[in-house]
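Encoded as structure tokens, the structure appears first; notes follow it.
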Amino acid sequence: MNKSGDPAINAPAYSGKPSASRIGLVRALNKTHGSTVATSVSVADTPGNRRRGLLDRPELEEHEGLWIVPCESVHTVGMRYPIDLVYLDRKRRVVKIVESLAPYRMSLCLRAHSVIELAAGAARRSGTKIGHQLALAARIEN
């Protein structure tokens, strides 16, 4: 665990703090259900990346996502498509799921430490439920 109590993700040479520049894309795995939530999850862990989020990006593909860390709230102002939100605590347990949050809406979860934004329907397709344990692992490129 790092100083903030955040368990490290399974990434080579991981320093304890997630960073898109060090890790690149990660996979979101549901350890409880044994399913893959998303295979290409970008990491937003800087103020600029967290603020920008998915704005000005095309609609997410079924396998894509954005992990915003730290994060307790999300808005979809300026977006043109709905998204699923999976809020996680510091131990990567799912504490809240919002399915198909429409554009120009807001969502909040004060118990969350981070959130994964996914294509609409991805949470349901992966069988992810509140209380499930997720893992965020570095992708291995061939």
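No lab work stands behind these numbers, since they all come straight from the coordinates. It should be emphasised that the depicted structure is a prediction, and the values quoted were computed from it without experimental measurement. Cβ placement follows ideal geometry from the backbone for every residue including glycine, while neighbour counts extend to all protein chains displayed.
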Open item on the list: Please list the three semi-axes, largest first and in whole Å, of the ellipsoid equivalent to the stretch 20-138, using sqrt of 5 times the eigenvalues of its alpha carbon gyration tensor.
Closed with: 19, 16, 14
TODO: Using the number of other C-beta atoms within 10 angstrom as an exposure proxy, rank C109, C71 with the fewest first.
DONE: C109, C71
Task: Cβ-derived FRET efficiency at R0 35 Å, R139 paired with E72, nearest 0.05 - done: 0.85
Open item on the list: Considering only C-alpha atoms, what is the centroid distance from the stretch 27-48 to the stretch 114-141, in Å?
Closed with: 5
Open item on the list: Per residue of the stretch 98-111, what does 6.51 cos²θ - 1.76 cosθ + 1.60 with θ = phi - 60° give for ³J(HN,Hα)? Whole Hz please, x for Gly and Pro, Karplus curve as stated.
Closed with: 10, 9, 6, 5, 6, x, 6, 10, 9, 9, 9, 8, 5, 7
- [ ] Arrange R90, R27 by Cβ neighbour counts within 10 Å, fewest through most, would you?
- [x] R90, R27
- [ ] May I ask you to list the aspartates and glutamates whose Cα is less than 13 Å away from that of K96, ignoring any residue fewer than eight positions away on the same chain?
- [x] E72, D84, E117
TODO: Report the FRET efficiency, 1/(1 + (r/R0)^6), for R90 and K129, where r is their Cβ-Cβ distance and R0 is 25 Å, rounded to 0.05.
DONE: 0.85
- [ ] Provide the gained length on full extension for the span R111 to R52, in nm with one decimal, where the gain is 0.36 nm per separating residue minus the Cα-Cα distance.
- [x] 19.0 nm
TODO: Rank these for me by crowding, Y104, Y81, going from fewest to most other beta carbons within 10 Å.
DONE: Y104, Y81
